[in-house]
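Working notes, beginning with the structure itself.
The values are calculated or read from the model by the stated rules, or taken from the named source; none is laboratory data. Everything numeric here is computed off the predicted structure, so don't read it as measured data. Note that we place each Cβ from the backbone using ideal geometry, even for glycine, and neighbour counts take in every protein chain shown. Just so you know, the surface numbers come from the protein's heavy atoms only, side chains and all, with ligands and any DNA or RNA stripped out. Shrake-Rupley method; radii C 1.70, N 1.55, O 1.52, S 1.80 Å.
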Number of protein chains: 2
Amino acid sequence: MADSAFKLVSSNRMFGGLMALYSHYSSVLKCTMEFRVFHPPTSTESPAPASTPVLYYLSGLTCTSENFATKGYAQAAAAKAGLALICPDTSPRGVDLPGEDESYDFGSGAGFYLNATRDPWSQHYRMYDYVVDELPGVLKANFPELAVGSKEAIFGHSMGGHGALVLALSNPGRYASASAFAPICNPINCPWGVKAFTGYLGDDDKTAWEAYDASVLARSYAGPKIDVLVDQGTDDQFLKEHQLLPETLAAAAAANDQLDVELRMQDGYDHSYYFIATFVEDHIAFHAKYLL
Amino acid sequence: MADSAFKLVSSNRMFGGLMALYSHYSSVLKCTMEFRVFHPPTSTESPAPASTPVLYYLSGLTCTSENFATKGYAQAAAAKAGLALICPDTSPRGVDLPGEDESYDFGSGAGFYLNATRDPWSQHYRMYDYVVDELPGVLKANFPELAVGSKEAIFGHSMGGHGALVLALSNPGRYASASAFAPICNPINCPWGVKAFTGYLGDDDKTAWEAYDASVLARSYAGPKIDVLVDQGTDDQFLKEHQLLPETLAAAAAANDQLDVELRMQDGYDHSYYFIATFVEDHIAFHAKYLL
């Protein structure tokens, strides 16, 4: 297969480190995928220290690995803290399933970080396994300086905030901390989630949806204690349209001693990357507490 | 005229201030133009203090007012320093001149911050007058809190770095300081500049080109002493292709006591916004010294 090999597509020096774009063939998703890594300055030294902590960032609907790299404003803080940022794409690409590109909130750019069980999506749309297992394997094989499997944390935005919360809560002990900007907190009860879960999982057995619902998981989470930071703008149109439901997550977490969710309502902020840029330094500092 | 009125198109809260997009009809350019303003937190208080310093940012080839707003990473530092950032577009828009959209380095997105004298470009392509006179007038009329005309500085990238240097050097005393990322320093001697100046100014009288050449202006500048900061990546493809020629500017400035140009060669950096993001905080701090 011509493009099956892991390869560096491009890299740009930034804040003393490297912002790099890679591609590889994903055997889980059965397509070629791209992802970006910000390598902090210490990790690009030769010989590199053996344990650069890893912070995954999961993007939202319509995004690729590029949005956070260009508009996230996270690299200065990551460089200072010595964290690597890992930015996967948001869905399989170019697999040509019927209807894949018809809507912004289903199919391409809208993988929802789950393993689809309904045909034809189940053949490719397995972003949960990709982010939890396959991508870390690729990182481990290619970047021995990264502390994959030992010092990892996760955050994300909107659909990616949902992904970060679900991955952290369903893999107890795996991620040292989790945070999110304007996450979809209760997808089984919002229009985006109902559409996606119906399409990817079917609606015969809705209890299967609960495995991918942060609020359900927050109620039953019984792993090692984990701290979660959530920032939510008060002027976010999707908050007003009841797509995000952060209060449901906060209520579920309040009843669970193993989970400490700090929900910060940010006055006047919206759903955009301008909002993320404003608070990303706080999130990097939050994760650094647990990773360093 | 339906869209002649100055208006707010959109705004996003960011770092306690506002990142806003405006449109207005430009009588200099004879078309509707957009520009962006980052209003720092102090300037959005009510009543706003009367003298928020103004820092103009001029973008490079193919850019609009958006690039720096989303990818420039400048707002955190501008918010802290209390500076307003003003981001104009890079050319007239939608004026339908023949050939306007045929190349990335001439016409739309490539106004070169000059007043064209050659038909048909002279009818619209007058970005020098737009940035020096008309836009400040629009700002003054709509934002009384901005210190337009009293505390102004200017910077830019590539073609916009050329613009910032030329505007500062040809308007002695107007801008408190000037800086640039990878500027086109000697356009009369590089392919981009020769193409643009031939098209906009004609090649009958090449001495007319010198009014828009930072290196020529740096030799003869006799205004109040001005400090200039230039960052240039060593791995910049356009440096290697002799489009930028920073050494010519440095040599001209070295022979002129009224001008202090600090040229910093940044190892391994390229021409991208990743480079700008890395050093923009230095530039904000540089201008703040002269503006505050």
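Mean silhouette area of the range B:208-257, derived from the convex hull of its C-alpha atoms and averaged over all directions, reads 4.0 nm².
So which trypsin sites (Lys or Arg not before Pro) in the range A:195-258 are both in a DSSP loop and have at most 14 other Cβ atoms within 10 Å of their Cβ? Working shown, then result.
Working: sites: A:Lys195, A:Lys206, A:Arg219, A:Lys225, A:Lys240; in loops: A:Lys225.
Sites meeting the loop and neighbour criteria: A:Lys225.
Springs join every pair of Cα atoms under 10 Å in this Gaussian network model of chain B, and among B:His157, B:His24, B:His39 the largest mean-square fluctuation is at B:His24.
Got a number for carbon plus sulfur as a percent of chain A's accessible area, 1.4 Å probe?
Numbers: 5300 of 10550 Å².
Summing carbon and sulfur atoms, their accessible area is 50 percent of the total for chain A.
In the assembly of identical copies, A:Ser103 has its label point, taken 7 Å from Cα in the direction of the beta carbon, separated from the corresponding points by 4.7 nm (ascending, one decimal). Other residues within the sphere of radius under 12 Å centred on the Cβ of B:Thr44, judged by their own Cβ, net out at -1 (K and R +1, D and E -1). Could you work out the longest stretch of chain A that avoids the GluC sites (Glu not before Pro) located in DSSP loops with at most 14 other Cβ atoms within 10 Å? Of all site-free stretches, the longest is A:103-240.
Taken per residue, the accessible surface of the range B:242-292 reaches 44 Å², heavy atoms only and a 1.4 Å probe. For chain A, the Cβ-based charge dipole about the Cα centre amounts to some 800 debye (Lys, Arg positive; Asp, Glu negative; other atoms uncharged).
In this structure the amide hydrogen of B:Gly233, modeled in the peptide plane, comes within under 5 Å of the amide hydrogens of B:Ala182, B:Gln266, none closer than 5 places in sequence on its chain.
Averaged across orientations, what area in nm² does the convex hull of the alpha carbons in the range B:7-291 project? Could the numbers behind the result be given before it?
Working: hull surface 53.6 nm².
If I average the Cα hull's projected area over directions, I get 13.4 nm².
Give me the accessible area of B:Arg13, 1.4 Å probe, in Å² rounded to the nearest 10. Taking all protein chains as shown, B:Arg13 has close to 70 Å². FRET efficiency for the B:Lys30 to B:Asp133 pair, using the beta carbon distance and R₀ = 25 Å, is estimated at 0.95.
Report the antiparallel proportion of the DSSP beta bridges in chain B as a percent, rounded to a multiple of 5.
Values: 23 of 48 bridges.
Antiparallel: roughly 50 percent of the beta bridges in chain B.
Each Lys or Arg adds one and each Asp or Glu subtracts one; over the other residues with Cβ under 14 Å from the Cβ of B:Asp105, this totals -3.
Rg ratio for the range B:152-210: its Cα radius of gyration over 2.2 N^0.38 Å, N being its residue count, equals 1.17. Peptide A:273-280 shows a mean partner chain C-beta count of 5 within 10 Å per residue C-beta.
With a Förster radius of 56 Å, plug the Cβ-Cβ distance of B:Lys289 and A:Thr117 into 1/(1 + (r/R0)^6) and report the FRET value to the nearest 0.05. Calculated value: 0.40.
Report the semi-axes of the equivalent ellipsoid for the range A:26-97 in whole Å, largest first, where each axis is √(5λ) for an eigenvalue λ of the Cα gyration tensor. Write down the numbers at each step before the final one.
Numbers: eigenvalues 139, 46, 13 Å².
In descending order, the three semi-axes are 26, 15, 8 Å.
Hull volume per residue, based on the alpha-carbon atoms of the range B:1-154 and their convex hull, is 107 Å³. Between B and A, buried accessible area from a 1.4 angstrom probe totals roughly 1900 Å², ignoring ligands, DNA and RNA.
In the context of the full protein assembly, B:Ser10 retains an accessible surface of approximately 50 Å², using a probe radius of 1.4 Å and ignoring ligands and nucleic acids. A straight chain from A:Lys140 to A:Lys80 at 0.36 nm per residue would run longer than the Cα-Cα distance by 19.3 nm.
Legend: calculated FRET efficiency, A:Arg264 to B:Asp204, from the Cβ-Cβ distance at R0 = 56 Å, rounded to 0.05, equals 0.30. Taking all Cα-Cα distances within the protein assembly as shown, those exceeding 35 Å account for 43%.
Can you show me the helix-derived [θ] at 222 nm for chain B, built from DSSP H runs with n ≥ 4 at -39,500 (n - 2.57) apiece and divided by the number of residues, rounded to the nearest 500.
Numbers: 9 runs with 83 residues, N = 292.
Rounded to the nearest 500, the figure is -8000 deg cm²/dmol.
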